[in-house]
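The values are calculated or read from the model by the stated rules, or taken from the named source; none is laboratory data. From a predicted model like this one, the values you see are computed outputs, not experimental measurements. Quick reminder, even Gly has a Cβ in these numbers, built from the backbone with ideal geometry, and neighbours come from all protein chains shown. The accessibility values were calculated without ligands, DNA or RNA, using every heavy atom of the protein model including side chains. Shrake-Rupley method; radii C 1.70, N 1.55, O 1.52, S 1.80 Å.
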Amino acid sequence: NLTDAFSIRANVEDRYYLLQLNCQRKKYSGTLDIIAVNPNGEFLSLSDVPFKRLYFVVSFFWSALFLLWSYNWFQYRKFNIRLQRFMTLVPFTQIVSAVVALHFWRELSQTGIDPVLLHWSALLAEGIARGIFFVCLVYVAKGWSITRPGLNKSELRFIWGMILILMISYWVYKYFHGFVLFFLVIMYVFVLRYIFAAIVENSQALLAQLQLIRRIDIDATSTPVYTKFQMFKMFQGAMVVYISVVVIFHLWATIFLQKTPWLEGMMEQIIDLLMAIGVGYTFRLRPFNPYFYVIPSLAPSDSDPNNANIVSSSIDQIQPGGQPWKPGMPLPVVPVDYSRLLRGPQQPLLIIDNPSTYDVNGNPIQNVSVAEPFPSQTQYSLNSPTTGSSSQK
């Protein structure tokens, strides 16, 4: 069998004919690849040319976000910054994805031949960046390093398995396009439902803490618990808007943007960038008071020795003036290892709200018990009941 390959470059716009002579009338087969080139040696079509500039601009914005976010958490590096440090992967993976995509489109622009390795690398990097983005969203919803110190192994396996399926659905959609989007939409809805359930769980726990704080005469709006509760409310609203916009836009792009793929890519990057900025701004590190709220100290009442009145409901301030800690200030001096203190107790703390009783005047008496674990971590020591009288209006 004879094989032959040749290349012809037509520099003039005209009509060309390919003549194949087969004098011996033998069977033969052949393939014909036509690569069109635009003026100035540009091999990309008009609908693909904007990709080169798009990913250059995208990499610039994600790099700026990466630097700003890293600067934010680096100032608080002596504190509990596990979540913020992990969230740095979002702009970093987006930068890698944009740079690889930029090289792919530049290579295709210069040769007109699809660089297979770069093509698959760009697709892989884009899917990984999206997966890391959603892992961060799920971690935030679960309250990792916000309301709980960590996640158990079963939760981690489920989260990463769910995100892996989402990434595969995204890869399939980006490669085939069309109505394969249906499977990606199903995964978006599934992940959104999981995130919502986690947000509701954390919101209910924080709301219960707020109710307890209000009952012991502390301004709830001045506590970290209230700040976290507001964060989750804002995050819940942002997730509704984000998923809704993403799903609706992909459906619209599948129908109307087939001839302008660069516009779909640009809008997708803008949506992700705005969501990342919103979540980052909500959960950014900011000046705070590093000393914890303490249960109000109690003393027997002169008029009623059997009961106790709250004699102090202020915050235990070790730092003079009670000024919030800001970057540049010396680290606060505490009696235990600071990093361990800010990670929170490794053992559970039981707060028991006992049934209320009434004093001689008919006013309800709050009765709260606090149980702390023994060093053996197997038994609890029950503190003296924390009680206080308050009039109910």
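Report every pair of residues separated by at least 6 positions or lying on different chains whose Cβ atoms are under 8 Å apart, first residue within region 2-16 and under 14 Å from Gly30 (Cβ atoms) and modelled with pLDDT under 70, second part of a loop (DSSP other than H, G, I, E, B) and of a type outside the set (Phe, Trp, Tyr).
Pairs that qualify, where the first residue is under 14 Å from Gly30 (Cβ atoms) and modelled with pLDDT under 70 and the partner is part of a loop (DSSP other than H, G, I, E, B) and of a type outside the set (Phe, Trp, Tyr): there are none.
Which of (1) open to solvent by 60 Å² or more (accessible area, probe 1.4 Å); (2) of a type outside the set (Asp, Glu); (3) at pLDDT below 90 is the odd one out, the single condition Pro115 does not satisfy?
(1) is the only condition that Pro115 fails.
What is the number of the single condition among (1) in a loop (DSSP other than H, G, I, E, B); (2) under 30 Å from Leu331 (Cβ atoms); (3) not hydroxyl-bearing (Ser, Thr, Tyr) that Phe92 does not meet?
All conditions pass for Phe92, except number (1).
With Phe51, Phe74 as the choices, which residue is hydrophobic (A, V, I, L, M, F, W, C) and open to solvent by 40 Å² or more (accessible area, probe 1.4 Å)?
Phe74
For the list (1) among the hydrophobic types (A, V, I, L, M, F, W, C); (2) surrounded by 11 or more Cβ atoms within 10 Å (Cβ to Cβ); (3) in a loop (DSSP other than H, G, I, E, B), I need the number of the one condition that Ala36 fails.
In the conditions (1) among the hydrophobic types (A, V, I, L, M, F, W, C); (2) surrounded by 11 or more Cβ atoms within 10 Å (Cβ to Cβ); (3) in a loop (DSSP other than H, G, I, E, B), Ala36 misses (2) alone.
Name the residue that is modelled with the lowest pLDDT, counting only residues in region 215-264 that are among the charged types (D, E, K, R) and either out of contact with any helix residue (DSSP H, G or I) (no Cβ under 8 Å at 6 or more places or on another chain) or open to solvent by 30 Å² or more (accessible area, probe 1.4 Å) (or both).
Initially, region 215-264 is screened for residues among the charged types (D, E, K, R), giving 215, 217, 219, 228, 233, 259, 264.
Then drop every residue that is not either out of contact with any helix residue (DSSP H, G or I) (no Cβ under 8 Å at 6 or more places or on another chain) or open to solvent by 30 Å² or more (accessible area, probe 1.4 Å) (or both), which leaves 215, 217, 219, 228, 233, 259.
Values: Arg215: 77, Asp217: 70, Asp219: 75, Lys228: 89, Lys233: 92, Lys259: 82.
Of everything passing the filter in region 215-264, Asp217 is modelled with the lowest pLDDT.
Tell me which of these Thr88 doesn't satisfy, since it passes every other one: (1) exposed (fewer than 10 other Cβ atoms within 10 Å of the Cβ); (2) of a type in the set (Val, Ile, Thr); (3) within 28 Å of Met167 (Cβ to Cβ).
(1)
When you scan region 118-147, how many residues do you find that are open to solvent by 20 Å² or more (accessible area, probe 1.4 Å), within 17 Å of Thr88 (Cβ to Cβ) and assigned to a helix (DSSP H, G or I)?
Here the count works out to 2.
Hey, does region 62-81 have a residue that's modelled with pLDDT of 80 or more, of a type in the set (A, V, I, L, M, F, W, C) and farther than 30 Å from Leu331 by Cα?
Within region 62-81, one or more residues are modelled with pLDDT of 80 or more, of a type in the set (A, V, I, L, M, F, W, C) and farther than 30 Å from Leu331 by Cα.
Only residues that are farther than 15 Å from Phe133 by Cα and open to solvent by less than 40 Å² (accessible area, probe 1.4 Å): list them for region 148-168, please.
Step one: list which residues in region 148-168 are farther than 15 Å from Phe133 by Cα, which gives 148-158.
Result: Gly150, Leu151, Glu155.
Considering only residues that are open to solvent by less than 30 Å² (accessible area, probe 1.4 Å) and of a type in the set (Ser, Thr, Tyr), which ones fall in region 91-111?
Selection gives Thr93, Ser97, Ser109.
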